[in-house]
Amino acid sequence: MQQTIHIPDHVPLNQELCHLVILQEAVLLFRNQPDVIQAWERYVHGIVGGEKHPNVSRSFQILYDLITGSLREQNQKLTKHNIYHIFYSYNQQLTTILHEYIVEEFNRNSDERSMNDMMIHQAKEQRGIITSMDYKYHLMRNILTNPQKFSPHEGEEGVYEARVEDAGGALQLLARIKEQDDLTNMGWTEEEQVQWNQLRSAFSSMDEMTADVFDILCFLFLFAPRDTDGFLFLHSQDVLKLRTNVVDHNTNKLKIKERDRFQIMSRVKAIANIWISLNEGEIIEIEDEEGEGMQTLKLRDLEKLVEIGKIRAAYDTKDRFVGIQACQIKPTPLLTSFLEQNKRLGFIDLSALEFHPIREKFEKRLTRYLAIQWFIRLSKRNMRQPFLVGTLAREMEMENSRHRGAELVDRFMKVLYNLQEHSIIKEWNFVEELDYDKIGTKGWKQYFFSQKIIVIPTEEIVRKNKAKLSILKEQHQFDSSGFERTLDSVLSKQEHVLAAYSAPQADREPHYTDMLTKAVQTESVTNSLKEPQQRQPVITEEMLEPNMVVKEMERRKISLLKASEEIEIGYNTLKRFVNNATKRRNKNNDAKIVRWLRESWKKTAEE
């Protein structure tokens, strides 16, 4: 039976213990890559066990040097506490940096893994994504699905424009699109430029799938790692993983066809071709061409939603071009303005992405609309305020569908039942009992659309919208300049470092338990050190592990009973959790524990 070693939080660590502590935190950060974790464990246990020539893991050694190098640059001790906070302050940066080294070391097919894997994995576990709940954002997303709303713009050949109005007819934004995009001279090869040009035109790529890609992009802009120029690397795999659960039972991998990637990148191209104007426009007067009077003009500023950088092209073994797999993409200031409003960020159930864009178009559109309405109503505490049937039908674009009479009513109700089955809607009912005898008679549509209906979300969706999203947002809001300097230093010395760690370690002590005993003797000295000023660690229910609770109890020197009282769950329940004896995790208990950890860490940071 393997002995559990207690390592105090504030004791300076030697090389072996430092490897162990970094491994413990790495297991949590890369828990969705078990093969990587197993290789790292073998490597670290080889070092700790005193092996003369442990099999070197380059990716773990990069991680080790990044952590230790960053702490030394900040003049901080190599302690468990400081290592812990580096991981939670820089988790996205670490994931980004290590991605390419993991792919290289483990012979991964770069098509199979994206550096956004961790966020995609968490979104699937949480069964939803975070994006803007602003009404104008909703209108922008909707216009991406409606090419028929665009008409030729006078005076500019190949340019089309759409006026986007609210339910009251007030103009909210102007959208403009070019028939031919202007993405040229991007430094692409001739074949890559040709392939980009061959992607479907913007008009033929504007549909419900385009709205899905837009939402996924905005989710990744919020949480996924980006480079110093603000670009994230969008892999077609990111979108496909969130939109489908179809797995090949023989390979246990996602079923993906080349045409699927083609469709995703075509939608990205459509989004990159859209120009939006949100302002009312400046009124000016200029002299007309004949010089006989003044002409009044309204000037509007139009901006793109996204910018495209590099693209990743795939070639076969004979170096023949196959297609575009991924691309660099970043939001413009216009789109960023929606994503920076923490108070306007909310939760959309993953079913909105998974619903089929044609067969389940109504379900997809209603899920998105209800997400915004519930978010607004939650703040006003009027969740039972009824909707007009006509409003919901218009949002689903059901008014102009092929359904007639009782068929339309049945389809409307089927949408609500489907959302109930997918745990999006908890309950729904008409305010007044529907008179089915009127359906199909003269004026029936006006009667039906004037009816009021109450639609209540599930408790899970309410809980997720109540979450403090500002904590999540801090994942990518830090000064990484020091971290990047450390990275440059680490990579420049990499060959030397790897050689050193592969060499015999004659000065190692044979048993790390003896070293721990010596370290504990110095704890009284190191406890007087000032704790580093770090950000509050990031944690979600999906990241929660029993050892996090144990660590916090040890740090605060409180009993299990005291912890259970603060968390407000039963003593035996918490005991089973920390001992890994819980047969089935309870979401409510997990939420309470996460809330307790966040509050405890926050108090520590303020002290």
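The values are calculated or read from the model by the stated rules, or taken from the named source; none is laboratory data. Since the structure is predicted, the reported quantities are computational estimates derived from the model, not experimental observations. For neighbour counting, all protein chains shown are included, and Cβ atoms are generated from backbone atoms with ideal geometry for every residue, glycine included. Areas reflect the complete protein model, heavy atoms only, side chains present, ligands, DNA and RNA absent. Shrake-Rupley method; radii C 1.70, N 1.55, O 1.52, S 1.80 Å.
Ordering T332, L378, Q420 by Cα displacement along the dipole of region 294-449 toward the positive end leaves T332 in first place; charges were set at the Cβ atoms of Lys, Arg (+1) and Asp, Glu (-1). The listed residues F223, F233 rank as F233, F223 when sorted by accessible area, largest first, using a 1.4 Å probe. Placing R0 at 25 angstrom, the Cβ-Cβ distance between K124 and R585 gives a FRET efficiency of 0.90 after rounding to 0.05. Its Cα centre serving as origin, region 43-105 has a Cβ charge dipole (Lys and Arg +1, Asp and Glu -1) of approximately 320 debye. Per residue, region 65-107 exposes an accessible area of 35 Å² to a 1.4 Å probe, with every protein chain left in place. Given R₀ = 56 Å, FRET efficiency for R404-E100 by Cβ-Cβ distance, to 0.05? The calculated FRET efficiency here is 0.50.
Model label points for D435 and R576, set 7 angstrom from Cα along the Cα-to-Cβ axis, are 5.5 nm apart. For the residues W40, W428, a 1.4 Å probe over the protein chains yields an accessible-area ranking, largest first, of W428, W40.
Work out how much length L302 to R163 would gain on full extension: take 0.36 nm times their residue separation and subtract the Cα-Cα distance, in nm to one decimal. Length gained between L302 and R163: 48.7 nm. Annotation for region 324-397 versus region 163-177: alpha-carbon center distance of 18 Å.
Accessible area ranking (1.4 Å probe, heavy atoms, ligands and nucleic acids excluded), largest first, for D435, D117: D435, D117.
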